[in-house]
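Enquirer: Sharing a structure below in C-alpha coordinates format, with a few things to ask.
The values are calculated or read from the model by the stated rules, or taken from the named source; none is laboratory data. This one's a predicted model, so the numbers in the text were calculated from it and none came from an experiment. Every residue, glycine as well, gets a Cβ built from its backbone with ideal geometry; the counts of neighbours run over all protein chains shown. Heavy atoms of the whole protein, side chains included, go into the accessibility calculation; ligands, DNA and RNA do not. Shrake-Rupley method; radii C 1.70, N 1.55, O 1.52, S 1.80 Å.
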Amino acid sequence: MDMVRERASRNAAVIFTKSSCCMCHSIKALFYELGASPAVHELDREANGGEMEWALRALGCSPAVPAVFIGGEFVGSAKDMISLHVDGSLKQLLINAKAIWF
(Lines give C-alpha, C1' and ligand atoms only; values in the text may rest on other atoms or scores of the structure.)
Protein backbone atom coordinates (compact mmCIF):
# COMPACT_ATOMS: atom_id res chain seq x y z
CA MET A 1 0.00 0.00 0.00
CA ASP A 2 2.81 2.39 0.89
CA MET A 3 4.49 1.77 -2.47
CA VAL A 4 1.32 2.76 -4.35
CA ARG A 5 0.78 5.88 -2.25
CA GLU A 6 4.42 6.91 -2.62
CA ARG A 7 4.41 6.48 -6.41
CA ALA A 8 1.03 8.20 -6.70
CA SER A 9 2.38 11.26 -4.90
CA ARG A 10 5.60 11.62 -6.95
CA ASN A 11 3.97 13.25 -9.98
CA ALA A 12 0.99 15.49 -10.67
CA ALA A 13 -0.68 12.72 -12.72
CA VAL A 14 -0.04 9.00 -12.25
CA ILE A 15 -1.66 6.06 -14.01
CA PHE A 16 -1.26 2.45 -12.93
CA THR A 17 -1.81 0.23 -15.97
CA LYS A 18 -1.11 -3.11 -17.58
CA SER A 19 0.56 -3.19 -20.99
CA SER A 20 -2.10 -5.47 -22.50
CA CYS A 21 -5.12 -3.46 -21.27
CA CYS A 22 -6.94 -1.58 -24.05
CA MET A 23 -8.73 0.75 -21.61
CA CYS A 24 -5.38 1.60 -20.02
CA HIS A 25 -4.06 2.53 -23.45
CA SER A 26 -7.14 4.70 -24.09
CA ILE A 27 -6.80 6.58 -20.80
CA LYS A 28 -3.09 7.21 -21.40
CA ALA A 29 -3.94 8.52 -24.89
CA LEU A 30 -6.62 10.81 -23.40
CA PHE A 31 -4.12 12.29 -20.95
CA TYR A 32 -1.53 12.83 -23.70
CA GLU A 33 -4.20 14.46 -25.87
CA LEU A 34 -5.02 16.86 -23.03
CA GLY A 35 -1.33 17.79 -22.82
CA ALA A 36 -0.49 15.87 -19.66
CA SER A 37 2.52 13.63 -19.36
CA PRO A 38 1.52 11.22 -16.59
CA ALA A 39 3.87 8.88 -14.82
CA VAL A 40 2.81 5.43 -16.01
CA HIS A 41 3.43 2.30 -13.94
CA GLU A 42 2.71 -0.88 -15.89
CA LEU A 43 2.03 -3.45 -13.21
CA ASP A 44 2.72 -6.43 -15.46
CA ARG A 45 6.25 -5.10 -16.00
CA GLU A 46 7.03 -4.13 -12.41
CA ALA A 47 8.81 -6.44 -9.97
CA ASN A 48 6.19 -5.70 -7.29
CA GLY A 49 3.30 -5.34 -9.74
CA GLY A 50 1.16 -8.02 -8.11
CA GLU A 51 1.49 -6.39 -4.70
CA MET A 52 0.61 -2.99 -6.14
CA GLU A 53 -2.42 -4.47 -7.90
CA TRP A 54 -3.70 -5.87 -4.58
CA ALA A 55 -3.04 -2.52 -2.90
CA LEU A 56 -5.03 -0.72 -5.60
CA ARG A 57 -7.93 -3.11 -5.07
CA ALA A 58 -7.74 -2.43 -1.32
CA LEU A 59 -7.99 1.31 -2.07
CA GLY A 60 -11.24 0.65 -3.92
CA CYS A 61 -9.98 0.43 -7.50
CA SER A 62 -12.27 -1.94 -9.32
CA PRO A 63 -11.04 -3.01 -11.76
CA ALA A 64 -7.51 -2.51 -10.49
CA VAL A 65 -6.33 -0.88 -13.73
CA PRO A 66 -6.34 1.70 -15.02
CA ALA A 67 -6.10 3.49 -11.70
CA VAL A 68 -5.62 7.25 -12.00
CA PHE A 69 -4.19 9.54 -9.35
CA ILE A 70 -4.15 13.31 -9.81
CA GLY A 71 -2.40 15.49 -7.26
CA GLY A 72 -1.66 12.40 -5.19
CA GLU A 73 -5.35 11.52 -4.80
CA PHE A 74 -7.13 8.54 -6.32
CA VAL A 75 -9.54 9.93 -8.92
CA GLY A 76 -10.87 6.73 -10.45
CA SER A 77 -10.80 4.19 -13.22
CA ALA A 78 -11.41 4.42 -16.97
CA LYS A 79 -15.15 4.92 -16.52
CA ASP A 80 -14.54 7.78 -14.10
CA MET A 81 -11.98 9.44 -16.39
CA ILE A 82 -14.35 9.33 -19.34
CA SER A 83 -17.15 10.84 -17.25
CA LEU A 84 -14.86 13.59 -15.96
CA HIS A 85 -13.66 14.32 -19.48
CA VAL A 86 -17.18 14.50 -20.90
CA ASP A 87 -18.35 16.94 -18.22
CA GLY A 88 -15.18 19.04 -18.62
CA SER A 89 -13.80 18.60 -15.12
CA LEU A 90 -10.84 16.30 -15.96
CA LYS A 91 -8.96 19.14 -17.64
CA GLN A 92 -9.56 21.39 -14.64
CA LEU A 93 -8.31 18.69 -12.23
CA LEU A 94 -5.13 18.41 -14.30
CA ILE A 95 -4.70 22.19 -14.33
CA ASN A 96 -5.23 22.42 -10.57
CA ALA A 97 -2.62 19.68 -9.99
CA LYS A 98 -0.21 21.47 -12.36
CA ALA A 99 -0.15 18.46 -14.69
CA ILE A 100 -1.00 20.82 -17.56
CA TRP A 101 -0.78 24.59 -17.93
CA PHE A 102 -3.30 26.82 -19.71
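Enquirer: Is it fair to say Ala36 is within 20 Å of Phe102 (Cα to Cα), touching a residue at least 60 places away in the same chain (Cβ under 8 Å) and buried (at least 21 other Cβ atoms within 10 Å of the Cβ)?
Expert: yes
Enquirer: What residue, among those in the range 9-25 that are part of a helix (DSSP H, G or I) and closer than 14 Å to Ser37 by Cα, is modelled with the lowest pLDDT?
Expert: Here the answer is Arg10.
Enquirer: Checking Gly60 against (1) over 19 Å from Ala99 (Cβ atoms); (2) open to solvent by 10 Å² or more (accessible area, probe 1.4 Å); (3) assigned to a helix (DSSP H, G or I), which single condition isn't satisfied?
Expert: (3)
Enquirer: Something else now. When you look at Ser89, is it open to solvent by 50 Å² or more (accessible area, probe 1.4 Å) and among the hydroxyl-bearing types (Ser, Thr, Tyr), yes or no?
Expert: no
Enquirer: Conditions first: (1) assigned to a loop (DSSP other than H, G, I, E, B); (2) over 23 Å from Asn96 (Cα atoms); (3) open to solvent by 30 Å² or more (accessible area, probe 1.4 Å). Glu51 passes all but one, so which condition is the exception?
Expert: Failed condition: (1).
Enquirer: Note down all Cβ pairs under 7 Å where the first residue falls in the range 16-28 and is farther than 17 Å from Val75 by Cα, the second is open to solvent by less than 30 Å² (accessible area, probe 1.4 Å) and of a type in the set (Val, Ile, Thr), and they're at least six residues apart or on different chains.
Expert: Taking only residues 6 or more apart or on different chains, the pairs are Lys18/Val65; Cys21/Val65.
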